[in-house]
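The values are calculated or read from the model by the stated rules, or taken from the named source; none is laboratory data. Keep in mind the model is a prediction, meaning the values are calculated, not measured. Cβ placement follows ideal geometry from the backbone for every residue including glycine, while neighbour counts extend to all protein chains displayed. We work out accessible area using only protein heavy atoms, side chains counted, and drop any ligands, DNA or RNA first. Shrake-Rupley method; radii C 1.70, N 1.55, O 1.52, S 1.80 Å.
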Amino acid sequence: MATTSVQSQLNQQVLQFLSKPKKILIDGKWVDAVSGKTFATLDPSTEEPLVQVAEGDKQDVDLAVKAARRAFENGPWRTMTASERGRAIWKLADLMEQHLEQFAELETLDNGKPISVARAADVPLAVDLFRYMAGWTTKIEGATIPISVPYTPGAKYLSYTLREPVGVVAQIIPWNFPLLMAAWKLGPALATGCTVVLKPAEQTPLSSLLLGELALEAGIPAGVLNIVTGFGETAGAALAAHPDVDKVAFTGSTEVGKLVLQAAAGNLKKVSLELGGKSPNVVFSDADIDTAVKGAASAIFFNHGQCCCAGSRLYVENNIFDQVVEGVSQQAKKIRVGAGMDPKTQMGPLVSHEQLQRVCGYMESGLTEGAKAVTGGKRAGTKGYFVEPTVLVNTNPKMKVVQEEIFGPVVTAIPFKDAEDIVSSANDTVYGLAAGIWTKDISKAHQLAAQLKAGTVWINCYNIFDAALPFGGYKQSGWGREMGKDVLELYTEVKAVCTRIG
Ligand code: ADP
C-alpha cells in the first residue's frame, strides 16, 4: 500500500485502484500468476513498496499468447469494420483523458517523474497517439499494380496488394515513459488489427494495468490486449522466444535488444527495436545562445536524463564553449529536485536502485578518468534514488561517459572547431537515435542534418514528439520506426493477389 505521507496527496480513485489486487490480464479476465507469485513495485522517492503485482512467467505468457491467438484467428477484432475498430480505439483515448489525473499520479508514484510532467506530457501524448492511430484504421490500403509478365504474352491480369495484420504481437516496454511507451506500441498494433501480449517493465507496471481496464471498458474485445506483468529475464524472454508469436516489438537497452533479437530467431518472428542512444546536441556560435542554453539543459535533464534520445553529448563551438557550459550549469543548479508528487518538483528520483548505482558509477568513472564536474557529480541525499543534475567537461572521446549511454541527468560538454569537425565527432558513436542543432544559419543546419546519422534531428528545439512524426534509430539504436505512418509497416504483411482476367 502507498505510504501514508504520499497517500494523503492522492486522488481517491488512485487509492481505490491501488487497493485492488494487481493481476494479469488474459482473455479479458484478471487472473493471478499461475505460480501464485507476486513482486513489489516501489516508490523511487521513498524506496518503499507501493503494491504487490502478479509475477507472470513462461506459463502465464503461454496462456496469454493462446488467448491472443484465439482472438486473432476467431475473434471479432479482425472481422469488425475498420471504422468500428477505429471507434473502439478512439473511445479508449476518451476514457484515458477522463482518467488523466489517475494516470498521472500512478506514473509519478511508480516512475518518480514530476506530477506536472506526467499531467502535461506523458498522459496527453498517450491519448493523442491513440486518436492518431484510430484515424489510420480506415486508411490502411494496398495498391493496384499493372504487371507485364514477359512469358505469358497477350495475357491480362488484375493485380493488387492487401495490407493484413501481422498477427499476434509481443510488446515489451521500458519504465521511462510507462504509459506513453504502451501507447506507442499498442496504438499501431490495434489500428492494424493485430492482437497483443504486452509486458510492462517490472519497475512500472501500474499505468499499463489501468490502461487494460479501460481497454475492456472501451469495447476492445477479450483477448485482443493481454497484459503479463513480470520480469524481463522470465516473462520478457519467454515472450521474445515464443513460437506462436508473429512479431516482437521491444523498447529498452541495446544490450537487451540484442537478446530479444536472438530469442526471436527461433521462429523468425518479425522484430522491431527502439534502443539506446548517445545523442549529440550541437550549439553553433551563431545560435540564439539563451535559447540554446535552455534547450541544451532540457535536452539532457528532461525526465532526469532517462530518455533514449537525451542530448547527452553537448558539442559547443570553441568561442562560446565557456559561456554555454556556464549557462547549462546554472540551469542545472536551478532545477528543483524532489519527490515527484510535490507539484514544485522539476526533477524526481531515478527509477530504481539499480539505475542509481549505474548513473553514479558512470559519474565516478568519468571523474576518475580525468573529467571535471562543473556542477553535480554525485547522489543527492541518502533516501530515494536522487542524483544531482551534472555537467562534465575535460572529457576525451574514448571515455565511457562519452561513449556509453548513462540514462541519467549527466551531460558531457565538448568543444568543437567548425561545421566539418563536428560531423565526425557527432557521428562517433555506435548509436544513431537523435541529434540537436542550434544555429540561426538555416542552410548550415540542414546541411548538417543531412550528414548526421540519426533517426531524428531537431533544429532549434529538442524533445519535440508528435504521434504523426516517426521516431527510431540508425545503427545500434534500433530497427524500424515508432509512430507516424511508417510504424504501420511494422504491424502489417503485404499480400500480392494476382488474377488472370483474359
Ligand atoms: P533498462 O536496462 O533500461 O532497465 P531493459 O532493456 O533492461 O531496460 O528493459 C526494458 C524491458 O525489457 C523491460 O520490460 C524488461 O523487463 C525487459 N527485459 C529485460 N530483459 C529481458 C530479456 N532478456 N528478454 C526480454 N525482455 C527483457
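Which one of Ser272, Ser253 is more than 10 Å from the ligand (Cβ to nearest atom), among the polar types (S, T, N, Q) and under 21 Å from Asn176 (Cβ atoms)?
After applying the criteria, what remains is Ser272.
Tell me yes or no: at least one residue of the stretch 231-244 is polar (S, T, N, Q) and under 30 Å from Ala40 (Cα atoms).
Yes, the stretch 231-244 has at least one match.
Being away from the ligand (no atom under 14 Å from the Cβ) and assigned to a loop (DSSP other than H, G, I, E, B) is the filter; apply it to the stretch 153-203 and report the residue that is surrounded by the fewest Cβ atoms within 10 Å (Cβ to Cβ).
Gly154
Among the numbered criteria (1) surrounded by fewer than 17 Cβ atoms within 10 Å (Cβ to Cβ); (2) without any contact (Cβ under 8 Å) to a residue 40 or more places away in the chain, which single criterion is violated by Leu63?
All conditions are met except number (1).
Out of everything in the stretch 233-254 that is in contact (Cβ under 8 Å) with a residue 12 or more places away in the chain and open to solvent by 30 Å² or more (accessible area, probe 1.4 Å), what residue ends up being nearest to Ala189 (Cα to Cα)?
Here the answer is Asp246.
Looking only at the stretch 342-357, count how many residues are surrounded by 22 or more Cβ atoms within 10 Å (Cβ to Cβ) and either assigned to a loop (DSSP other than H, G, I, E, B) or among the β-branched types (Val, Ile, Thr) (or both).
So the count comes out to 5.
Based on this model, can you work out whether Gly381 counts as open to solvent by 10 Å² or more (accessible area, probe 1.4 Å), free of Cβ contacts under 8 Å to residues at least 24 places away in the same chain, assigned to a loop (DSSP other than H, G, I, E, B) and touching a strand residue (DSSP E or B) at 6+ places or on another chain (Cβ under 8 Å)?
Answer is no for this residue.
Tell me which of these Gly219 doesn't satisfy, since it passes every other one: (1) open to solvent by 10 Å² or more (accessible area, probe 1.4 Å); (2) closer than 28 Å to Asn267 by Cα.
In the conditions (1) open to solvent by 10 Å² or more (accessible area, probe 1.4 Å); (2) closer than 28 Å to Asn267 by Cα, Gly219 misses (2) alone.
Keeping to the stretch 119-152, report how many residues are over 26 Å from the mean Cα position of the chain (by Cα), among the small types (Gly, Ala, Ser) and not in a loop (DSSP other than H, G, I, E, B).
Total satisfying the criteria: 0.
Among (1) farther than 26 Å from Ser443 by Cα; (2) buried (at least 24 other Cβ atoms within 10 Å of the Cβ), there is one condition Ser279 misses while meeting the rest; what is its number?
(1)
Looking at (1) near the ligand (Cβ under 8 Å from one of its atoms); (2) touching a residue at least 60 places away in the same chain (Cβ under 8 Å); (3) open to solvent by 10 Å² or more (accessible area, probe 1.4 Å); (4) more than 30 Å from Pro415 (Cβ to Cβ), can you tell me which one Gly230 breaks?
Unmet for Gly230, out of (1) near the ligand (Cβ under 8 Å from one of its atoms); (2) touching a residue at least 60 places away in the same chain (Cβ under 8 Å); (3) open to solvent by 10 Å² or more (accessible area, probe 1.4 Å); (4) more than 30 Å from Pro415 (Cβ to Cβ): (3).
Checking the condition of a type in the set (A, V, I, L, M) and touching a residue at least 40 places away in the same chain (Cβ under 8 Å), which residue from Val457, Val423, Val430 passes?
Step by step, each of Val457, Val423, Val430 is checked, and only Val430 is of a type in the set (A, V, I, L, M) and touching a residue at least 40 places away in the same chain (Cβ under 8 Å).
Looking at the stretch 68-115, which of its residues are assigned to a helix (DSSP H, G or I), polar (S, T, N, Q) and without any contact (Cβ under 8 Å) to a residue 24 or more places away in the chain?
Listed by number, the residues that qualify are Thr79, Gln98.
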